[in-house]
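**Student:** Dumping the structure here so I can ask a few things about it.
The values are calculated or read from the model by the stated rules, or taken from the named source; none is laboratory data. All values reported here derive from a predicted model rather than from experimental measurement. Using ideal geometry, Cβ is built from the backbone for each residue, glycine included, and neighbour counts are taken over all protein chains shown.
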Amino acid sequence: MKTKLLLLITLSLVLTACVNETSTPSNTQSGLVPFVNGDLMTNVSVDPLGNELIYPTGVAAITSQLKVWKPGFKSPWHYHPYTGVAYIIQGELTVNFDTNTSLTDSLQQKGTVSTQTYKAGDKAFLGVANTWHFSENLADKDLIFMVTWIGEKNKPIAVLE
């Protein structure tokens, strides 16, 4: 119930920003990113690391998530077998990638090879598939983001270390 309420509140805030953008250009003072009509993502076929978008080979299934991470939250090392479309609603998402460790070597000590930060107001982006990484909220306010995974029916969308 709490999750549904949070989703409803967040969607209401986003929709309110959409409606008020033309009449209230100072929405950024409230901490929300103003919504401007337009595409969040258009004709994107590679993720931020340059990997080509690959669709699943099994029965396709979509999983859509709304995540809220408190300041200081840090995920464990993991990878996603599928690509996701992500959009930051509030705050900043920092993703630390280990492009050197193979997916089959989950016990190897991992280390950050590259880091990318995505901010509210940026365009939507493709989540990187099949690469070890951990994500975190390094900011001093809640991070709110949405991600929709293009996966396979009854298969996990994340594999933990």
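**Student:** Say we look at region 97-148 and pick out the residues that are acidic (Asp, Glu) and more than 17 Å from the chain's Cα centre (by Cα); which of these is farthest from Asn37 (Cα to Cα)?
**Tutor:** Looking at the filtered set, the residue picked out is Asp105.
**Student:** Given the criteria touching a Phe, Trp or Tyr at 6+ places or on another chain (Cβ under 7 Å), modelled with pLDDT of 80 or more and farther than 17 Å from Leu126 by Cβ, does Pro76 qualify?
**Tutor:** Yes; evaluated as a whole, the condition is true for this residue.
**Student:** I would also like to ask the following. Only one of Thr112, Thr131, Thr83, Thr148 is without any contact (Cβ under 8 Å) to a residue 40 or more places away in the chain and either under 17 Å from Leu53 (Cα atoms) or among the polar types (S, T, N, Q) (or both). Can you tell me which?
**Tutor:** Matching residue, one of Thr112, Thr131, Thr83, Thr148: Thr112.
**Student:** Residue check: is Val95 within 22 Å of Ser45 (Cβ to Cβ) and surrounded by 14 or more Cβ atoms within 10 Å (Cβ to Cβ)?
**Tutor:** yes
**Student:** I've got another one for you. Within region 102-117, is even one residue part of a loop (DSSP other than H, G, I, E, B), buried (at least 20 other Cβ atoms within 10 Å of the Cβ), out of contact with any helix residue (DSSP H, G or I) (no Cβ under 7 Å at 6 or more places or on another chain) and not hydroxyl-bearing (Ser, Thr, Tyr)?
**Tutor:** Just the residues of region 102-117 that are part of a loop (DSSP other than H, G, I, E, B), to begin with: 102-113.
Filter again for buried (at least 20 other Cβ atoms within 10 Å of the Cβ), leaving none.
Checked against the condition, which is being part of a loop (DSSP other than H, G, I, E, B), buried (at least 20 other Cβ atoms within 10 Å of the Cβ), out of contact with any helix residue (DSSP H, G or I) (no Cβ under 7 Å at 6 or more places or on another chain) and not hydroxyl-bearing (Ser, Thr, Tyr), region 102-117 yields no hits at all.
**Student:** Now for a separate question. What do you reckon, is Leu103 farther than 15 Å from Gly84 by Cβ and either in the same structural domain as Pro48 (by TED's automatic domain parsing) or not hydrophobic (A, V, I, L, M, F, W, C) (or both)? Talk me through it step by step, then tell me what you get.
**Tutor:** Working: farther than 15 Å from Gly84 by Cβ: yes; either in the same structural domain as Pro48 (by TED's automatic domain parsing) or not hydrophobic (A, V, I, L, M, F, W, C) (or both): yes.
In short, yes.
**Student:** Tell me which of these Pro156 doesn't satisfy, since it passes every other one: (1) under 14 Å from Pro48 (Cβ atoms); (2) in a loop (DSSP other than H, G, I, E, B); (3) not aliphatic (A, V, I, L, M).
**Tutor:** Just one mismatch for Pro156, condition (1).
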